[in-house]
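K.L.:
Here's a structure for you.
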Amino acid sequence: MTNLIPPHGGYKNLKSFQMSEIVFDLTMDFTKRYIKSFKLSEQIEGAARSGKQNISEGSQTSGTSKQSELRLVDVARASLEELLNDYKDFLRINNLVEWGKDDARVLAIRKLAYESNRSYTTYTTYMSNAESAANCLLTLINQANYLLDQQLRVLEKDLAQHGDFKDRYKEVRKQQLLDSGPPVDEFLKSQGLRRLENGRVVGLNEPDE
């Protein structure tokens, strides 16, 4: 029988959540060190928080709504894209250099993603100056966005193949009717009714369609 509410949650094991959590932690450090404007700090921290929180909320709600999970993960992706542009703006406005994707320093940061027991402390050496810190966060956000793009594709495919909660409910209800067996069929017959293979009840003389 199809499970009505499949296993869900477990967001802490998602690579996208782990990376987004590191981005959030480092962003909180970054704003304290390098952002003087309270309003701008709030904006940047809010985007980082939204990226992390929407992944976890989407994971938790996935049991009853795959559509909600897909929407929330998409919101997380949009929030991190906003954060990405905030750091690009910071570098540009402050006449600092944005490191290219093939820069040796960027490649070194990217490799740290394979470290075991990775956390924000893995990257703290890059927080010593504004240019290094912003470029480190740009690299991490790009990695998080890549993971979220992959996650969104999987979620879209799963929703298309298996449907949402209401679709699973219909399938479970149909199976319950089919599994109820002869007693129900006999009762229906006594009432001048019969049950089709799809579970729909019609009159004895009504056509199947």
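K.L.:
Under the definition of Cα pairs under 8 Å and six or more residues apart, what whole-number percent is the relative contact order of region 1-134? Spell out each step's value before the answer.
P.N.:
Working: 118 pairs, mean separation 33.6, N = 134.
25 percent.
K.L.:
Could I ask something else about it? For region 75-137, what's the radius of gyration and Dmax over Cα atoms, in angstrom?
P.N.:
For region 75-137, the Cα-based Rg and Dmax read 12.4, 36 Å.
K.L.:
Once the other residues with Cβ under 12 Å from the Cβ of Lys111 are scored (Lys, Arg +1; Asp, Glu -1), what is the net sum?
P.N.:
Local charge sum for Lys111: +2.
K.L.:
Could you sort 103-114, 141-152 so that the peptide with the highest average Cβ count within 10 Å comes first and the rest follow in order?
P.N.:
141-152, 103-114
K.L.:
Still on this structure, please answer the following. Length gain on complete extension for the stretch Tyr34 to Arg110, per 0.36 nm per residue less the alpha carbon to alpha carbon distance?
P.N.:
Length difference between fully extended and current span is 25.1 nm.
K.L.:
Cβ neighbours within 10 Å, averaged per peptide: list 118-124, 65-71 in order, most packed at the top.
P.N.:
Ranked from most to least packed, the peptides come out as 65-71, 118-124.
K.L.:
Of the accessible area of region 96-168, with the probe set at 1.4 angstrom, what percent is carbon plus sulfur?
P.N.:
Solvent-exposed carbon and sulfur of region 96-168 make up 51 percent of the total.
The values are calculated or read from the model by the stated rules, or taken from the named source; none is laboratory data. Everything numeric here is computed off the predicted structure, so don't read it as measured data. Cβ atoms come from the backbone with ideal geometry, glycine included; neighbour counts cover every protein chain shown. Heads up: the accessible areas ignore ligands, DNA and RNA and are worked out on the full protein's heavy atoms, side chains in. Shrake-Rupley method; radii C 1.70, N 1.55, O 1.52, S 1.80 Å.
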